[in-house]
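The values are calculated or read from the model by the stated rules, or taken from the named source; none is laboratory data. Note that this is a predicted model, so its numbers are computed, not measured. Cβ placement follows ideal geometry from the backbone for every residue including glycine, while neighbour counts extend to all protein chains displayed.
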Amino acid sequence: MLSYTDARQKVIEVVTARRKLPPRERVEVGQALGRVLAEQVIADRDYPPFDRSTRDGFAVRARDVAAPGATLEILGEIKAGGTFSGTIGPGQCVHIMTGAGVPASLDAVVMIEHTKPSKSRVVIDRSVEPGQNIVRRGSEARAGQVLLTPGTRLGYAELALAGQVGAHRLEVFARPRVAILSTGDEVVEIDKKPGPFQVRNGNSVSLAVQTELAGAVPVPLGNAPDRIEELRARIDRGLEADVLVLSGGVSMGKYDLVEVVLRELGAEFFFEGVAIRPGRPAVFGARREKLVFGLPGNPVSTMVTFELFVLPAIDLLSGAAPRPLPFLRAKLAAPVSQKAALTHFLPAQLTWSAGEPVVRELPWQGSGDIVVLAQANCFLVVSENKLECAAGDWVDVLPRRDVF
């Protein structure tokens, strides 16, 4: 049985070998959050496009203020977006605002806090160095410089940068489509009243949300009962998408039929179980060019295995590199002990105490306990190589991606 790191690497290897770059489409910059860039974004001019003041104060010649106490004549004012057209001679200066362009004949800006201005003159309390409080033209980027490259996932900073250089419409890769199918006679839809031994299909909700967060398009297929013919029909529909994610039906029970049907349909499997808890029965395969993930049906297992294995596949199919698992290190608040020689992902609460990250396992009733996971903001990771952890130990923590 593979470790979770080896299983994750297997997903990356398989998808990398099989993937083709997705189609491209153009979207408005304001609609591109989370999309993957398919073109270069290039600076249309120097940035900043002028010598920019970083402070409110007075633009001066540094040599006029070689020592504290220099007195200069104030010729005028420059606000952000404005200009000063007059000639500025020795012993003279202009009042300037943050973001305004510094006249070419001046080479420093003195903060207002270090001056004593009157109506027409100002006393400078400190000596000044050339370049002080000025960002020089082109020091951030030069005209023609490539600022963003294909494969970049677009966040708020990247989109602001695109907007700044006039790239108001961006060419991005089309989002992969992820079919979501739950299985089991015990599952009913969330708007139905369950029988005494049935549950509502919460996995359809969590998987759709995780798919959206990953940057893909969820294609909900509802729930298939434990009957081979109907399961086969739903799986056939799911294989029309780029990825099929099933929840339930992948364990060793009499009515766990997912692998049976997939084999009948000619699927190839790359792993059929991972050394983790929860999520041990997770399955990864492919039928022709379509990827298939069989995730355990218990909701905590479903969420953990999606994060570990489905997410990197979606990243690659989106035209991006797979995002690393965002592990943090935190100090353990109380002892933790596990018996099974597996890597454990335990619902936990991460807080900061006296400036240090502290993590505490939450009491839970196993992988069906969605109540506790809604109280958790992370998973405490207990390695199969160290199943006993003492209070105060530093441990790995996997944040919930939708919370942090």
Answer from Arg63, Arg35, Arg45 - the residue that is under 30 Å from the mean Cα position of the chain (by Cα) and either surrounded by fewer than 17 Cβ atoms within 10 Å (Cβ to Cβ) or free of Cβ contacts under 8 Å to residues at least 12 places away in the same chain (or both): Arg45
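In the list Ala167, Ala224, Ala216, which residue meets the criterion of being farther than 23 Å from Ile12 by Cα and under 27 Å from the mean Cα position of the chain (by Cα)?
Working: Ala224 fails: under 27 Å from the mean Cα position of the chain (by Cα); Ala216 fails: farther than 23 Å from Ile12 by Cα.
Among Ala167, Ala224, Ala216, only Ala167 is farther than 23 Å from Ile12 by Cα and under 27 Å from the mean Cα position of the chain (by Cα).
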Pick from region 258-299, criterion closer than 17 Å to Leu231 by Cβ and among the β-branched types (Val, Ile, Thr), ranking: surrounded by the fewest Cβ atoms within 10 Å (Cβ to Cβ): Val260
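Among the residues that make up region 83-92, is at least one of them under 11 Å from Arg52 (Cα atoms) and either among the small types (Gly, Ala, Ser) or touching a residue at least 12 places away in the same chain (Cβ under 8 Å) (or both)? Don't jump to the end; show me each part of the working.
At the first step, the residues of region 83-92 found to be under 11 Å from Arg52 (Cα atoms) are none.
No, that holds for no residue.
Where residues in region 321-356 are of a type in the set (Gly, Ala, Ser) and buried (at least 20 other Cβ atoms within 10 Å of the Cβ), which of them is farthest from Asp242 (Cα to Cα)? Explain how you work it out, then say what you get.
Kept after step one, since they are of a type in the set (Gly, Ala, Ser), are these residues of region 321-356: 321, 330, 333-334, 337, 340-341, 348, 353-355.
With the extra rule that they be buried (at least 20 other Cβ atoms within 10 Å of the Cβ), the set shrinks to 330, 348.
Numbers: Ala330: 37, Ala348: 33 Å.
Among those that are of a type in the set (Gly, Ala, Ser) and buried (at least 20 other Cβ atoms within 10 Å of the Cβ), it is Ala330.
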Strands (runs of 3 or more DSSP E) lying entirely in region 119-213 (those with 2 or more residues that are polar (S, T, N, Q)): 177-183
Subset of region 113-128 [surrounded by fewer than 14 Cβ atoms within 10 Å (Cβ to Cβ) and under 14 Å from Asp56 (Cα atoms)]: Glu113, Lys116
Residue in region 8-18 that is surrounded by 14 or more Cβ atoms within 10 Å (Cβ to Cβ) and not assigned by TED's automatic domain parsing to the domain that holds Phe309 present: no
Checking Asn201 against (1) of a type outside the set (Gly, Ala, Ser); (2) without any contact (Cβ under 8 Å) to a residue 40 or more places away in the chain; (3) surrounded by fewer than 21 Cβ atoms within 10 Å (Cβ to Cβ), the condition it does not meet: (3)
Only listed residue being closer than 30 Å to Gly249 by Cα and modelled with pLDDT of 95 or more, chosen from Arg121, Arg175: Arg175
